[in-house]
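Data first, discussion second: the structure below is written as structure tokens.
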Amino acid sequence: MKHKVIVIVGPTAIGKTELSIRIAKKYNMDIISGDSIAVYKEYNIGSAKPTLEEQALVHHHLIDVMEACEEYSVADFQRSARKIIDSNPLSIICGGTGLYIQAVLQNYEFQSEKRNPELQESFKEYSNEQLYQYLLRIDPGIDQEKLHPNNRKRVLRAIEIYQSSKQSIHSINHKNEALYDSFIIYLTMEREQLYQRIHSRVDKMLEKGLFEEVKALKKKNIPLKGIGYKEWEAYFSNEKSYEEVIEDIKKNTRHLAKRQETWFKNQMDTHIYEVTEENRLFLYEQIEQDIEGWLLQ
């Protein structure tokens, strides 16, 4: 019998954490965080991690497990999440991109990393930014969310893969075979209402000290990763004002929400639930009933 996995995904500020805690407590489960930024220590406010109070209600895995200067890949998440899932008859993942969720639930096989020792020498005169721009020219489809310009080793690896295979470093050979029996919940909301909540969430992050958190990371020469952090690079290089950076964070968060909803609707067997302020508690009850039905199958 396959292990069962409940997955709760959706845009920021929509209630994923609240619902995941409610379900985890009902079935006496820990929660696996699927967020690629929440794994990092020192990335606190902008990552929208569950609060310490929320983490005290239910144990969360894969939060604050990496130093801010370390690299964390989808393969790392796949390995860690599967180890937890394989140890429990029922698990729950909260958050995560489509790629992260699919990599865990389905039979993904990542490309091996055989390195060309001559490559580094051939690009030694390139600065990190020049090297990154070269990669974008040859592979404009690269997922910039997952590859920072200052990660020179990874950028060189991406160039190597593309030159040899014409494939992106994020391309993976995969089979659609499901490894687990999953129930994927995607929480959505009427667009204008969602955008208002996103904007409010960003404003609250700033009130809590997001800018100060970013400055502290920058002072330690830690690359700014992910939405809410990377946009500040333009501020520190005097390319954009403080206000423009805030607008970019809000805009990029909106765009990510649109992309992720399209992806989950088209790429996986996903149960879509539309949240409103009025129906939230009723909707949670409906979701719990649907989970009960799934568990009995």
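Listing for the model above:
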quantity	calculated
Nearest-ten-degree value, helix 210-219 long axis tilted from longest Cα axis of the chain	40
Magnitude of the charge dipole, the stretch 117-165, Cβ model with Lys/Arg +1 and Asp/Glu -1, debye to 20	120
Listed pairs K41/K219; K41/K250; K49/K225; K49/K265; K16/K41 exceeding 18 Å between Cα atoms	K41/K250; K49/K265; K16/K41
Sequence ranges 28-41, 209-222, ranked by mean other-Cβ count within 10 angstrom, highest first	28-41, 209-222
Extension gain (nm, one decimal) between S73 and H61, 0.36 nm per residue minus Cα-Cα	2.7 nm
Considering only the chain, percent of DSSP beta bridges that pair antiparallel, nearest 5	10
Ranked packing of 95-101, 275-281, most packed first, by mean Cβ within 10 Å	95-101, 275-281
Helix 128-138 axis, angle to the chain major axis (alpha carbon atoms, nearest 10°)	70
Length-normalised contact order for the stretch 117-165 - Cα pairs under 8 Å, 6+ apart - percent	42
The chain, relative contact order [Cα under 8 Å, separation at least 6], %	26
For the stretch 1-136: relative contact order, % (alpha-carbon pairs under 8 angstrom, 6 or more apart)	33
Folded to 0 to 90 degrees: helix 74-85 orientation relative to the chain principal axis, Cα	30
Cα-centred dipole magnitude for the chain, charges only on beta-carbon of K, R (+1) and D, E (-1), debye, nearest 20	560
Stretch gain in nm, segment E207-R280, where the contour uses 0.36 nm per residue and the Cα spacing is subtracted	23.7 nm
As computed over the chain, the Cα convex hull volume per residue (Å³)	143
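Since every read-out is calculated from the coordinates, none of them should be taken as a lab result. Source: prediction; values computed, not measured. With ideal geometry, Cβ positions are generated from the backbone for all residues, glycine too; neighbour counts draw on all protein chains shown.
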